[in-house]
Amino acid sequence: MSKKKVITLIVVLLLITNIMTFGLTNLMSVSFNNKAYIPLAEYKQLKSVYNEFSKVIAVENYVKQNYLRDVDTKKMIDGQLKGMLQSLEDPYSNYMTKDEFASFLQQTSGTYAGIGVVVTPGEDNIITVVSPIEGTPGEKAGIKSGDKILKVDGIEFPADKMDEAVKVMKGDPNTNVVLTLLRTDKESKNQIFDLEITREIIRLVTVKSNIIDDNIGYINITSFDDLTYKDFKAELDKLGRKNIEGLIIDLRNNPGGLLDRCVQIADELLGEGVVVYTQTKDGKKTYENSGKSMVDYPLVLLVNGGSASASEILAGAIKDHKRGTLIGTTTFGKGVVQRIKDLDDGSGLKLTISEYFTPNGVNIHGIGIEPDIIVELPEGVEDIGVENLKEDTQLKKAIEEIKTKIK
């Protein structure tokens, strides 16, 4: 509610309070010149709003008048809104400023302009490179996993300012950015050097495919963004032209993403039936269904504790319809759905509005989905997939299982 509306309500309430003082408190409504009236219930509601917002305004004014430093009013309002969503104690609901919301939308779109590195806050409060994305300017320029980013365009950014650093690293295509990197070599010697990189349009690749043992198709899906279904369909068709006889879909460490893209992929695999249904707090149910058309390959899904949200929707549908075999470890257990709401000033929020159920009516929130065949990775094994088939016991088991299904 805007401050203008709040002030209007306060004025109305003051008028009402004055009238009520003159002996009208026992009436069911408050009359104005025998024409307009405010029912007692509405008065109580207005009074409640007044009590709530007058306190917010009073605290805000007190801070502005008495705080030792200058106050950024916009940051204060953003903080109020962030606090409102945080009070829900729901890790999936949050308010985003204009810049944060724009970055969020970029992530789900599947493309952005930048240098193509994944970063994380280091324990030493230095921004640390997790990995450069394959084929991007960051990789081509020689950035390596473990590199520390000290400065961006000559400005120091500690890890607690990582979002600001990422914003600077992004930019228009064909423009340059200079990173000051700290690299520690195998002999524990530190090198500090500058690296100038030309930004490009980065296309996040969320789907990759391979052929295993000549007749087994393997598709790895790392997340569900706006382009994932299109890429999945292209890879599935490509595998089909190579005459595969079985299909392994790897959803391990896939945190989820867009529900509609997940449903589109399920539609390629399931045949006619319910993929998932959601239910709001008032009991309203919405069903997502797949059509009759489907590929008929024997199917195995790989999942683990990092498989969440949309990954679990796909896994739950496959399991409930007995369409394939799930192998790996129990999934994360995120069974709630968020709605994205954009606001007029470019900011936005993400709010949990419903919970989802697998076709058999199971809500897996906080529980996860248990695979049909449980296989743990050996201790110390981090690299998984066809590149590390020698140590990836889960993928090995998937291959064994799919071979028993191939006629």
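The values are calculated or read from the model by the stated rules, or taken from the named source; none is laboratory data. Fair warning: this is a prediction, and the values are worked out from it, not measured in the lab. Every residue, glycine among them, receives a Cβ derived from its backbone with ideal geometry; neighbour counts consider all protein chains shown.
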request  = Go through segment 364-407 residue by residue and tally those that are farther than 30 Å from Lys284 by Cα and either of a type in the set (D, E, K, R) or in a helix (DSSP H, G or I) (or both).
outcome  = 25
remark   = If we ask which residues in segment 285-315 are assigned to a helix (DSSP H, G or I) and more than 28 Å from Asn215 (Cβ to Cβ), their number turns out to be 3
inquiry  = Just checking, does segment 80-97 include any residue being out of contact with any helix residue (DSSP H, G or I) (no Cβ under 8 Å at 6 or more places or on another chain), basic (Lys, Arg) and surrounded by fewer than 16 Cβ atoms within 10 Å (Cβ to Cβ)?
reply    = no
inquiry  = Given (1) over 22 Å from the mean Cα position of the chain (by Cα); (2) over 24 Å from Ile216 (Cβ atoms), identify the lone condition not met by Ile340.
reply    = (1)
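Conditions (1) buried (at least 16 other Cβ atoms within 10 Å of the Cβ); (2) more than 15 Å from Phe193 (Cβ to Cβ); (3) at pLDDT 85 or above; (4) among the hydrophobic types (A, V, I, L, M, F, W, C), marked per residue:
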{"residue": "Gly110", "(1), (2), (3), (4)": "yes, yes, no, no"}
{"residue": "Val119", "(1), (2), (3), (4)": "yes, yes, no, yes"}
{"residue": "Asp124", "(1), (2), (3), (4)": "no, yes, yes, no"}
{"residue": "Gly135", "(1), (2), (3), (4)": "no, yes, no, no"}
{"residue": "Ala141", "(1), (2), (3), (4)": "yes, no, yes, yes"}
{"residue": "Gly154", "(1), (2), (3), (4)": "no, no, yes, no"}
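Just need a number here: residues in segment 155-167 that are without any contact (Cβ under 8 Å) to a residue 60 or more places away in the chain and in a helix (DSSP H, G or I). It would help to see each step written out before you state the result.
Initially, segment 155-167 is screened for residues without any contact (Cβ under 8 Å) to a residue 60 or more places away in the chain, giving 155-162, 164-165.
Imposing the further condition that a residue be in a helix (DSSP H, G or I) reduces the set to 159-162, 164-165.
Result for segment 155-167: 6.
Confirm whether Val263 is more than 29 Å from Asp213 (Cα to Cα) and in contact with a Pro (Cβ under 8 Å, 6 or more places away or on another chain).
Numbers: more than 29 Å from Asp213 (Cα to Cα): yes; in contact with a Pro (Cβ under 8 Å, 6 or more places away or on another chain): no.
Taking the combined requirement at face value, the residue does not satisfy it.
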ask   = In this structure, is Leu227 in contact (Cβ under 8 Å) with a residue 60 or more places away in the chain, under 24 Å from the mean Cα position of the chain (by Cα) and buried (at least 21 other Cβ atoms within 10 Å of the Cβ)?
value = no
task = Go through segment 299-309 and give me each residue that's of a type in the set (Gly, Ala, Ser) and at pLDDT 95 or above.
result = none
ask   = Filtering segment 230-281 down to residues that are farther than 23 Å from Thr331 by Cβ and hydrophobic (A, V, I, L, M, F, W, C), which residue is surrounded by the most Cβ atoms within 10 Å (Cβ to Cβ)?
value = Ile244
